Structure formats: structure tokens, C-alpha cells
Amino acid sequence: PWGFWLLCVASAPARGDSGSKARSCGEVRQLYGAKGFSLSGVPQAEISGEHLRICPQGYTCCTSEMEENFANKSQSEFEAMMKEAGRSVQAILTAQHRSFDSYFQDLLNKSEKALYDAFPSMYGELYTQNVKVFKDLYSELRRYYRSSNINLEEALNEFWTRLLERLFKLLNPQYHITDEYLDCMVKHAEQHKPFGEVPRDLKVKATRAFIAARSYAQGFLVGSDVVKKVSQVSLSQECTRAIMKLMYCPHCRGMSSVKPCNNYCLNVVKGCLANQADLNTEWKYLMDSLIGVADRIDGPYNVDAVIGTIHMRIAEAISNLQENKDAITSKVFQGCGNPKISTKGSSSEDKKRRGKVTLEAKSSAQALEMLVLDAKGNLTALKTYWITLPSSLCSKKVMASSGSDDKCWNGMTKGSYLPQVMGDGLANQINNPEVEVDITKPDMTIRQQIMQLKIMTNRLGNANIGNDVDFQDTSDDMSGSGSGDSCPDDVCGKRLSKSPSTRQPETNAIPKQSGHGISGASSRSLPSASLLLLLSVAVIAAQHLWR
């Protein structure tokens with residue numbers, strides 16, 4: 001008898017403070033209509049809830065149709081929350097890329113303009129007859145920065161070779177110099193150093209600066225693209241049910257004013273975003289790598305001083321050739337023989353124009369320092385994005401109660417929430433009390449993005465020590481539909497295209513049959529054996545590169 005009365009007392013709150021009198025469903029009707037649904041068939045007062053398949057089966061204001069509509073609505077709303085949170089991160093990373101890209105392009109443009117403005121009056125025909133050589137150099141530098149498959153050292157060597165051939169002929173107009181003779185002269189160039197130490201010094205400094213700059217710019221785009229692709233991953237069926245229970249079941253129970261318990265919300269969202277949390281390690285590595293390269297750009301690699309003074313180094317090299325013209329010509333004649341005398345005479349204009357070059361470069365070091373400082377602050381703040389996302393969504397979007405609230409919605413009724421909060425990541429959801437997660441089936445789209453983070457981090461690691469890297473396959477089809485406007489074609493270059501996730505969006509949040517035939521963070525057909533083999537090889541290769 002005592003057990004019977006205790007059971008009655010314990011179950012009494014399920015009907016609310018009005019006791020046995022059915023409560024009005026006015027609040028639910030108002031909410032349901034506000035979500036765009038018809039109020040036809042919506043109860044005016046509570047009804048028995050044996051028909052419910054997600055919410056607790058006590059007295060309720062929701063019919064089966066309402067429950068299904070709320071479930072689908074909760075899925076779309078939660079996915080919209082994810083995309084909104086992702087867009088804010090994308091905006092930060094894209095803005096950082098845009099700022100640095102604008103700074104770097106402006107630096108290169110100013111150097112080129114300074115060359116075009118000063119060289120005609122300084123060198124006369126030495127410049128005007130060789131304008132294309134200089135234009136081609138800056139064109140190649142831009143192509144390299146934009147991730148084209150160009151060997152920067154070879155491009156610089158080709159520039160100095162072409163320039164030497166042209167200038168040697170113009171400085172020795174009294175001789176008829178054939179292409180074969182120029183080939184011989186070029187072979188002796190390394191020994192005679194006609195441009196002094198400028199070519200070697202510029203090659204070392206410019207290569208390091210350009211490698212760091214393009215890796216740095218590309219890192220922001222890869223990070224933004226990863227966030228976008230991950231934010232578009234659809235919820236699993238089990239997750240949709242859990243989100244519905246979290247967000248709309250209290251309304252069905254007549255508890256519209258009761259907020260979800262914070263820990264309850266955390267368990268639901270951590271279960272739903274278990275795969276996303278597994279991005280955390282590689283994401284932090286990417287952020288740290290970008291910070292490391294930022295320090296190089298504004299430090300040892302001194303991008304401002306190197307890129308902004310390319311025209312000055314070229315002028316210095318030409319001056320070296322002019323000043324040592326007779327000695328260099330004599331050495332070339334010794335090695336290649338005397339060329340035939342030409343009928344053309346020496347240009348008095350060229351002789352008049354020769355002289356020591358004095359050019360100045362306007363420093364933008366302070367602007368670079370501010371850019372790097374701002375970037376490092378944002379990158380540091382974004383390091384924990386994936387593992388702090390659940391708490392952020394619960395506090396700002398779901399509007400969960402405070403952690404100490406014992407009169408919150410716990411998934412069944414108004415009260416405290418007792419289960420412990422799960423850890424982060426897929427492996428830690430094995431005992432999640434709110435979402436059934438199959439930890440043996442990771443989401444393949446997210447695994448692909450983890451691989452992209454590893455590849456980009458490896459490139460940044462190489463750039464940090466001055467090693468060149470191949471950007472031909474930077475990301476999985478970043479110029480396609482997956483990246484939107486975060487990565488223009490002319491910036492990203494060519495990339496490998498990966499297959500999108502095979503998971504189809506859920507059209508019905510409530511299964512037609514009971515049971516848990518489909519579980520986990522996603523529901524998809526199993527990948528083929530060949531796909532698994534390819535993915536395994538890719539993972540092993542990436543791990544080898546990472547080591």
C-alpha cells in the first residue's frame with residue numbers, strides 16, 4: 001500500500017499544479033502556429049500521450065503529427081545553428097586571409113610600379129628594350145604566390161639568365177653576339193658573378209619569404225573550407241530524436257517556460273557533434289602552425305623588407321654589371337673567345353645614363369606587424385572551437401539553464417539532471433545516456449577534413465623551416481561547390497576532388513518501425529572495399545609525412 005501511494009505522489013507532478021484537471025495547450029498552440037504549422041487537430045487541452053515515440057508518454061499537448069513536425073523542425077534549426085556558428089569562424093579566417101593577401105599583393109605591386117617608374121630614366125635602352133623580362137618576373141612571382149605549380153628558384157634563375165643575355169648585348173653593341181656565344185657566356189656567369197651576390201642572396205631570401213607567405217595565406221582558406229564542409233554535415237536520426245526531446249518535448253509536456261538542464265544539453269550536443277569534436281587535435285595543430293609561420297613572416301623571413309625591395313635588388317645587380325662591365329667582358333672573352341665586330345656603334349645615350357642607382361622603398365613593416373598581431377589573437381581564440389562548440393550552443397542558442405539549476409527540463413520532467421557529462425569526441429560517447437552513438441562508424445566527410453588539416457599543417461611546417469612545398473592538391477575541390485566564395489579559383493589553383501559524403505538527409509525524423517536499427521553519428525551505406533583501401537593508403541601516407 002505504501003509503495004502504491006508513493007508511486008501516486010511521485011507521478012502527480014506530471015499533470016502539473018492543477019492536479020487531475022487537464023491543462024490548457026494554449027502555449028503549445030501558439031508556438032506551433034509560430035513555426036508555420038496548421039493548428040487544425042492541435043489539442044485545446046492535454047491528452048493521453050501513449051502515441052508519443054520521442055517525448056515521455058505522460059499527458060501531453062502534442063499529437064503524433066505534431067511530434068514528427070517538431071522533430072523535423074528541431075533538426076533544421078540545430079543544423080542552422082551549426083552553420084551560423086561555422087559562418088562566424090569562416091568570416092574570421094576569410095577576413096584574415098583577405099587582409100594578408102591584400103597587404104602582400106600591394107607590396108609586390110608597389111615594388112613593380114617603383115621599377116617601372118624609375119628604370120626608364122636610369123637605364124634608357126637597357127630597360128626599355130627589356131621591359132618584358134621584368135614584367136615576366138613579377139608575373140611569375142604572382143603565379144607562385146597564388147599556388148601555381150612553379151619552381152620559384154628556377155623562375156629566378158631564368159630571370160637573371162635572360163637579363164644577363166640582354167644586357168650583355170646592349171652593353172657591348174660593337175660586337176656581333178650570337179645565341180651560341182650567349183650560351184657560352186651564361187655557362188661562365190656563375191664563375192664571374194656579373195651581378196655580384198644579388199642573385200644568390202635574393203634567391204635565398206625571396207624563396208623563404210614567398211614560401212611562408214603563400215602557405216600562410218593558404219592556411220586560412222583551408223581552415224575556412226574545413227569549417228564550411230563540416231558545418232554542412234547532416235544530423236543522424238538518433239541525434240535528431242535527442243535534439244527534439246531537448247528542445248520541444250518540454251513544450252509538449254506543458255512546460256514551455258522550463259529551460260533544459262545545462263548538463264543534459266551538453267550530453268545531447270556532445271553526442272550529436274562527437275565526430276566534429278575529433279577535429280580538435282588537428283585543428284589546434286593548424287592554428288599553432290599558422291601562428292608559427294606568422295612569427296616567421298614578421299621576423300626572420302622579413303617579408304616586408306624582402307618583397308618590398310625586389311626592384312632595389314635588381315637595380316643593385318644592374319649597377320654591379322655596369323661598374324664591372326669591362327672586367328666581366330674580358331673574362332667572358334677569355335673563356336668564349338672574341339666575338340665578331342658589329343657595324344653598330346656604341347650608344348652615347350646608354351653611356352650617359354649609366355651611374356649608381358639610388359632607390360628608396362617605403363616600409364610597411366608596421367602594417368605587417370599589426371596584421372600578424374591581429375591574426376595571432378584570432379587564431380589563439382579559435383584553437384578550442386570544436387570542443388567548446390557544445391557549451392557555446394547550449395548557452396547561446398538552446399538557452400539551457402545554469403549548471404546548478406534543479407528545476408530544469410531533464411528529458412523527462414522538471415527537476416535536476418543526474419548523469420555525468422560525457423567527454424569530447426567519438427570514443428567518449430560509448431555510454432552517452434542521451435544519444436545512441438555508434439563509435440565504430442566515424443563520419444567519412446569529417447575524416448576527410450581531418451586529413452586536409454594534416455596536409456595543410458605539414459605544408460606550414462615545411463614553410464616554417466624554408467622548405468618549398470607542392471600546392472597542386474591543396475584541398476579537396478576547394479574551388480567547387482564545397483568552398484563557396486571562401487577560395488577563389490585564381491587563388492587556390494588546382495586541387496584533388498574528393499567524393500562527398502554518401503549520407504542522405506533524413507526526410508522523416510521518426511522511423512516507421514521501432515527499434516534501433518540505425519544508430520550512430522550518421523546513417524550511410526558502407527563504403528566499398530576499394531574506397532576503404534584508398535583511404536587507408538592516404539592515412540598511412542599522411543602519417544608518414546607528419547612524422
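The values are calculated or read from the model by the stated rules, or taken from the named source; none is laboratory data. What you see is a predicted model, and the numbers here were worked out from it, not measured in a lab. Don't worry about glycine lacking a Cβ; one is built from the backbone with ideal geometry, like all the others, and counts go over all protein chains shown. Ligands, DNA and RNA are stripped out before the accessible areas are found, and what is left, the full protein with its side chains, is counted by its heavy atoms. Shrake-Rupley method; radii C 1.70, N 1.55, O 1.52, S 1.80 Å.
Miscellaneous remarks
- Candidates in segment 379-435 are the residues that are among the acidic types (Asp, Glu) and closer than 20 Å to PRO56 by Cα; of these, the one that is surrounded by the fewest Cβ atoms within 10 Å (Cβ to Cβ) is ASP406.
- Note on segment 410-429: residues that are at pLDDT 95 or above and hydrophobic (A, V, I, L, M, F, W, C) amount to 4.
- Criterion violated by LEU156 - all others in (1) part of a helix (DSSP H, G or I); (2) open to solvent by 30 Å² or more (accessible area, probe 1.4 Å) satisfied: (2)
- Looking only at segment 268-307, and only at residues there that are among the small types (Gly, Ala, Ser) and under 19 Å from the mean Cα position of the chain (by Cα), the one that is surrounded by the fewest Cβ atoms within 10 Å (Cβ to Cβ): GLY292
- Residues of segment 253-263 classified as closer than 26 Å to MET422 by Cβ and either open to solvent by 30 Å² or more (accessible area, probe 1.4 Å) or modelled with pLDDT of 95 or more (or both), total: 3
- Those residues of segment 185-209 which are in a helix (DSSP H, G or I) and open to solvent by 50 Å² or more (accessible area, probe 1.4 Å), in sequence order: LYS187, GLU190, GLN191, ARG200, LYS203, VAL204, LYS205, ARG208
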